[in-house]
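Structure, as structure tokens:
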Amino acid sequence: MLTIFSTPKPFRGHSGIIQRNALESWTRLHPDVEVILFGNEEGAAEVCRELGIRHEPEVRRNENGTKYLNYLFDRAHELSRHKYLCYSNCDIMLTSDFCQALDVTAKAHNEFLMIGRRWDTDIGEPWDFEQPECDQKLRSLALRTGRQNGPSWVDYFCFSRGLYYKKMPPFLIGRNGWDPWLTWFARHTDVPLIDISRTVVAVHQNHDYAYLKTGTVPGAGVAEGRYNWGLGNTRAWHYYTTDAATEILDGHDLRPHHTAWFGPIKSWAIYHGYRSWFLFLNSTRPVRHWLGLRRNALGHSS
């Protein structure tokens, strides 16, 4: 049926809890789900043995030890025994609604990319998968206490084997900037892009983002993020989000998204609007600072 693959951070503290929650949720999606975990991070081998997950410790890395995303996709394509593959970040819990969405999409299309917005939710303890109605309780927790993030916050990519990301640039995992390229590639190759955000509650377990600034050399995280954004032979891919989907899953029905063409334009306008605003704030800071000092001085002299 489905192969889900990912790569973790070390299984320590809260990161260890939420990653184990995510991995176990995937193993319980369907009897014929295969899970592959790439990387030799601390605790990975033990968790894979416990959950019956295939462990591939070898991963191609750069000089700072950061993993290459294209290596993961290439190896998962080689190793997977299924027609459908899904890359997911290792903090995303999935429930049966994901399999239902895949079933509807697969019946409609031979090739596709299926994506969706995540639900940011506070989960600090190991999830009890043996409790009655475990799926529904997780969905209810996210809907009741969580928040669905915006159209650019996509943490899982489910695709048919025919959509092979062979020409993926050498993006670095765990850094900003690679996810819109995956979405752009589907549109660029005329493969249906399905947004399942209205139907699937993909639970992102909240955590800090200190790792984005870390590396074996100072400033590696920031530099590697810039590196990711500079890849590709066009900058158009920067603006592809769920708003670029050609179809939307609404319940059990797929319907055309007639304004998909407008999605990248909307993202471009939002990005450049924010950028212009911050440039304005930076350029006027000396004047605003001077006016503030003058106002304070006038207030003291009166």
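The values are calculated or read from the model by the stated rules, or taken from the named source; none is laboratory data. Small disclaimer: the values here were computed from a predicted structure and weren't measured. Ideal geometry is used to build each Cβ from the backbone, glycine not excepted, and the neighbour counts take in all protein chains shown.
Which of the residues that make up region 216-266 are out of contact with any helix residue (DSSP H, G or I) (no Cβ under 7 Å at 6 or more places or on another chain), over 22 Å from residue 151 (Cα atoms) and in contact (Cβ under 8 Å) with a residue 12 or more places away in the chain?
216, 217, 220, 224, 227
Matching residues to (1) in the same structural domain as residue 155 (by TED's automatic domain parsing); (2) closer than 14 Å to residue 183 by Cα; (3) over 21 Å from the mean Cα position of the chain (by Cα); (4) modelled with pLDDT of 95 or more:
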{"site": "222", "(1), (2), (3), (4)": "yes, no, no, no"}
{"site": "231", "(1), (2), (3), (4)": "yes, no, no, no"}
{"site": "235", "(1), (2), (3), (4)": "yes, yes, no, no"}
{"site": "242", "(1), (2), (3), (4)": "yes, yes, no, yes"}
{"site": "247", "(1), (2), (3), (4)": "yes, yes, no, yes"}
{"site": "255", "(1), (2), (3), (4)": "yes, no, yes, yes"}
{"site": "278", "(1), (2), (3), (4)": "no, no, yes, no"}
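Give the residues of region 97-129 that are free of Cβ contacts under 8 Å to residues at least 60 places away in the same chain, assigned to a loop (DSSP other than H, G, I, E, B) and among the charged types (D, E, K, R), sorted by residue number. Lay out the reasoning, then the answer.
In the first step, residues of region 97-129 are kept if they are free of Cβ contacts under 8 Å to residues at least 60 places away in the same chain; the result is 103, 106-107, 110, 128.
Adding the requirement that they be assigned to a loop (DSSP other than H, G, I, E, B) leaves 110, 128.
Answer for region 97-129, where residues must be free of Cβ contacts under 8 Å to residues at least 60 places away in the same chain, assigned to a loop (DSSP other than H, G, I, E, B) and among the charged types (D, E, K, R): just 128.
Taking the condition over 27 Å from residue 96 (Cβ atoms), crowded, with 21+ Cβ neighbours inside 10 Å, at pLDDT below 95 and out of contact with any Phe, Trp or Tyr (no Cβ under 7 Å at 6 or more places or on another chain), does residue 175 pass? Break it down into steps so the answer makes sense when it comes.
Numbers: over 27 Å from residue 96 (Cβ atoms): yes; crowded, with 21+ Cβ neighbours inside 10 Å: yes; at pLDDT below 95: yes; out of contact with any Phe, Trp or Tyr (no Cβ under 7 Å at 6 or more places or on another chain): yes.
For residue 175, the condition - over 27 Å from residue 96 (Cβ atoms), crowded, with 21+ Cβ neighbours inside 10 Å, at pLDDT below 95 and out of contact with any Phe, Trp or Tyr (no Cβ under 7 Å at 6 or more places or on another chain) - is met.
Report whether or not residue 61 is touching a residue at least 60 places away in the same chain (Cβ under 8 Å), among the basic types (Lys, Arg) and surrounded by fewer than 21 Cβ atoms within 10 Å (Cβ to Cβ).
no
Identify, by number, the condition in (1) farther than 21 Å from residue 239 by Cβ; (2) of a type in the set (D, E, K, R); (3) assigned to a strand (DSSP E or B) that residue 135 doesn't meet.
(3)
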